[in-house]
Amino acid sequence: MIEHPERIDQFKQDIAAMQVRDPASGRDRLFSRGGATLMIIGVIVAIVGYTLSHGTTNPLSQTDAVIVALIGLTVAVVGSALFLRGSLAGFLRFWLARSIYEQKAQTDRLVEKLDS
């Protein structure tokens, strides 16, 4: 692949001019880290609920433990959704900026060809 340093520099300047947020900052990082934390906590709570339900023969206690396990699974699913949102937001933002830049460059090349 042939690299063009001036094209890369121009791309970086155009991205800065578009004021695209850094994917590693702000809410996206918070969603990613919070989601990962919730996934871990949810799995731990689900395992605790499972072991509690098997540690007793009382049906009422077992039902309570099953509910705790379901809450843990729900927390893990919500954490997964937050993690995906945070992870994909930065990637898609950069991808969109790059796509717009490439379309602009392609349009400029086409206009230049038509003018000559």
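The values are calculated or read from the model by the stated rules, or taken from the named source; none is laboratory data. Since the structure is predicted, the reported quantities are computational estimates derived from the model, not experimental observations. We place every Cβ from the backbone using ideal geometry, glycine too, and count neighbours over all the protein chains shown.
Every listed requirement among (1) among the aliphatic types (A, V, I, L, M); (2) in a helix (DSSP H, G or I); (3) modelled with pLDDT under 95; (4) under 12 Å from the mean Cα position of the chain (by Cα) is met by residue 81 save one, (3). Under the condition of being closer than 22 Å to residue 90 by Cα, in a helix (DSSP H, G or I) and not small (Gly, Ala, Ser), the residues counted in segment 23-66 number 9.
Of the residues making up segment 100-116, those that are exposed (fewer than 11 other Cβ atoms within 10 Å of the Cβ), in a helix (DSSP H, G or I) and of a type in the set (Ser, Thr, Tyr) number 1.
Looking at segment 45-61, which of its residues are surrounded by 12 or more Cβ atoms within 10 Å (Cβ to Cβ) and more than 36 Å from the chain's Cα centre (by Cα)? First the steps, then the outcome.
Initial filter on segment 45-61 (surrounded by 12 or more Cβ atoms within 10 Å (Cβ to Cβ)): 45-50, 52-53, 56, 61.
Hits for segment 45-61 are 56, 61.
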